[in-house]
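Okay, structure first, notes after.
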Amino acid sequence: MATTMRFSGRLAIVVIVLLVLAGCDALPQAPSTPEVEVVAPGVEVHTRSLGSGEPPAPDLRFISAVYELSPSGVLPAQATVTVRMPVPIAQIYVAVVVTRSSTADPWEYLPAVVAADRTSVSFTTTRFGYFGVLEYDLDQAVERFERDFVDGLAGGVPQIAGAPSCDNEQGARGEGYSAASGPGDALAWCLGEGNAGIRVLKVTNRRGYPLLASHRGMDVIENAVDWAQWPSLSRIAVGDKAVIAPGGTVAFNADLAAGASAAITTEADDIGHSLYALHATVTALVQALTRFAAGSGVRAAEITNKILAVQSCAGSLGKGSGDLVAGCLNAKMITDVFGPRGFLLAPILAAEPVVAYVAGQWKAIVDRFNGNSTYRVEIARAKPAVDLSVFAGDWLGHTRSLTITPDGHAKEHVGDGCCHPIVDLAFTVSAPQGTRAAATATITVTSVTLHDWVFPQSPPKIGQTATIKLANGVITEPLAGGTYCDRAASIAGICGA
């Protein structure tokens, strides 16, 4: 009996082997798990594997085949696609989904949801075409971000604008005006003359991020911000500080009283530090996109402007690194401003090492900002060696007289003999220059009374200006009276009998 059972067992084994070798499917099979599952309401889905794909950049690699889903084009409703991985995705890697409508199109990025056991990746789409799953090394991306961030703080300070132009720069330095600036090259500037003869200081921001400038003693005449290009700057204007856009120019009224000074200073304050750090971060992210072959057409200044235009970011400026990251650099913000390419970047900024790194670099940010972006332009007007008092007094000439008050109001009478008046003038005296022995001043006619004008030149007019000169006790007034002497010069007979 035992022999019979052993023979029956051997026979059964032989039969099974023969059936297998013959390819018979009579045996029950374990159900296979498809590589791709698609849930697309109302659509008959066809999936075709195209084998391994060529990644768009060396820092990315495909971890799935490239698949074609059809029918191609827009779907009537959103579909959910799940791709099962041959091996679990390692924790240090970030998975992203790429898609395109045809093989001639560039890859676009979609957000990926990785299963808890990291054996599958899911995503949603509203159109079919080609797709695949990529991964990149997060540790490597973080390390490169940190290096790019430091480069953005140090050697990556852009010089995006040249010097502004001013009219009559040489003349603007007259009448005791002087200017000094530094350190560094954050601002380019010029001092010249504007409309109505006022002095104008123009300053241009040479950095790739906005600068805040205090302007003690000088009012803003014009701020040439392109508000269509930089609408965000209206959100960060603080108090009486001027916001100078990247490459933008602001004009200030630099007319000063004698002995006065005024200054433009880019602020080394908390908001300035935040703007600087934001610019360095965005620059590093754009560099990361370049490594992913996704940086074409992306400009750091435009991205910074979009971020600053969001209220949550504007409200976080000046509050330190934590608020800056939470308000300006969160995952939603990154995907909003960078578009689909932001799905590559969001995991980098969300990584704990990056958040800690930015916080740890805050002192360096402050130091770098103070070195690269703090700048001062000071305008001064020296107090003249003489003042109006040197012209004050009673001055005499033959049949003429001139009286000047200490505050610069003058009355002049010119006649021909005792009873034949020619002209009576009133004018103001201003802008004295020189020394007490040899001085000049500007006169401006305020009143003219003509009696019998007999001189060959045209008579004076209200508003007319001229320069009077004082030397050796004699004033020369060119409009009507000629020369006027003080007491000593009169006794010497210099101004006529």
**Q.** For the stretch 362-497: accessible area per residue (Å², 1.4 Å)
**A.** 51 Å²
Q) Percent of alpha carbon pairs in the stretch 293-404 separated by more than 22 Å? A) 57 percent
Q) Mind listing which chymotrypsin sites (Phe, Trp or Tyr not before Pro) in the stretch 269-366 are in a DSSP loop and have 14 or fewer other Cβ atoms within 10 Å? A) none
Q.
Per residue, how much accessible surface does the stretch 64-177 expose to a 1.4 Å probe? Answer in Å², no decimals.
A. 48 Å²
Q: Using θ = phi - 60° and the Karplus relation 6.51 cos²θ - 1.76 cosθ + 1.60, list the HN-Hα couplings for the stretch 390-406 in order, rounded to whole Hz, with x at every Gly or Pro.
A: 5, 9, 5, x, 9, 10, 10, x, 5, 6, 8, 8, 9, 10, 10, 7, x
**Q.** At 1.306 mPa s and 10 °C, Stokes D of the stretch 382-497 from Kirkwood alpha-carbon radius, µm² per second
**A.** 111 µm²/s
Q) Which FRET efficiency, nearest 0.05, do residue 438 and residue 195 yield, Cβ-Cβ r, R0 35 Å? A) 0.60
Q.
Can you give me the % of accessible surface on the stretch 366-459 that is carbon or sulfur? Probe 1.4 Å, all protein chains present, nothing else counted.
A. 56 percent
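Compute the projected area of the convex hull of the Cα atoms of the stretch 100-217, averaged over all viewing directions, and report it in nm² to one decimal place. Mind showing how you got there, number by number?
Working: hull surface 60.9 nm².
If you wrap the Cα atoms of the stretch 100-217 in a convex hull and average its projections, you get 15.2 nm².
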Q: Place +1 on the Cβ of every Lys and Arg and -1 on the Cβ of every Asp and Glu in the stretch 289-416, take the dipole about the Cα centre, and give the residue among 331, 404, 309 whose Cα lies farthest towards its positive end.
A: 331
Q.
Once neighbouring chains are kept in place and the probe is 1.4 Å, which whole percent of the accessible area of the stretch 254-360 is contributed by carbon and sulfur?
A. 56 percent
**Q.** Loop trypsin sites (Lys or Arg not before Pro), the stretch 409-493 (other Cβ atoms within 10 Å of the site Cβ: 16 or fewer; DSSP)
**A.** 436, 461
Q: Please give the per residue accessible area of the stretch 298-359, computed with a probe of 1.4 Å over protein heavy atoms only, in Å².
A: 39 Å²
Q: Report the accessible area of residue 273, computed with a 1.4 Å probe over the heavy atoms of all protein chains in place, in Å² rounded to the nearest 10.
A: 10 Å²
Q. What are the residues whose amide H is under 5 Å from the amide H of residue 85, where those residues sit 5 or more places off or on another chain and H is modelled from the backbone?
A. 120, 121
Q) What residues have an amide H closer than 5 Å to that of residue 408, excluding those fewer than 5 places away on the same chain, when H is modeled at 1.01 Å from N in the peptide plane? A) none
Q. Restricting attention to the alpha-carbon atoms of the stretch 446-494, what are Rg (one decimal) and Dmax (integer), both in Å?
A. 12.9, 34
(Q) Let's test this: bin the Cα-Cα distances of the stretch 252-314 at 10 Å from zero up to the farthest pair and state each bin's percent. (A) 17, 33, 22, 16, 9, 3, 0
Q | P(r) weight above 24 Å for the stretch 315-474, C-alpha pairs, percent | A | 61 percent
Q) Each residue of the stretch 259-264 in turn: what ³J(HN,Hα) in whole Hz from Karplus with 6.51, -1.76, 1.60 and θ = phi - 60°, glycine and Pro shown as x? A) x, 9, 9, 8, 8, 10
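Compute, for the stretch 344-497, the length of the dipole vector about the Cα centre, with Cβ point charges of +1 (Lys, Arg) and -1 (Asp, Glu) only. Units Debye, rounded to 20.
Charge dipole of the stretch 344-497: 420 debye, to the nearest 20.
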Q. Hey, got the dipole for the stretch 285-395? About the Cα centre, +1 on K and R Cβ, -1 on D and E Cβ, debye to the nearest 20?
A. 360 debye
Q) Among residues other than residue 451 whose Cβ falls under 14 Å from its Cβ, what is the net charge (Lys/Arg +1, Asp/Glu -1)? A) -3
(Q) Once neighbouring chains are kept in place and the probe is 1.4 Å, which whole percent of the accessible area of the stretch 99-207 is contributed by carbon and sulfur? (A) 46 percent
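With all protein chains present and a 1.4 Å probe, how do 383, 306 order by accessible area, largest first? Don't skip to the end; give the middle numbers.
Working: 383 165, 306 110 Å².
Sorted by accessible area, descending: 383, 306.
The values are calculated or read from the model by the stated rules, or taken from the named source; none is laboratory data. Note that this is a predicted model, so its numbers are computed, not measured. Cβ sites come from the backbone with ideal geometry, for glycine too, and all protein chains shown count toward neighbours. Just so you know, the surface numbers come from the protein's heavy atoms only, side chains and all, with ligands and any DNA or RNA stripped out. Shrake-Rupley method; radii C 1.70, N 1.55, O 1.52, S 1.80 Å.
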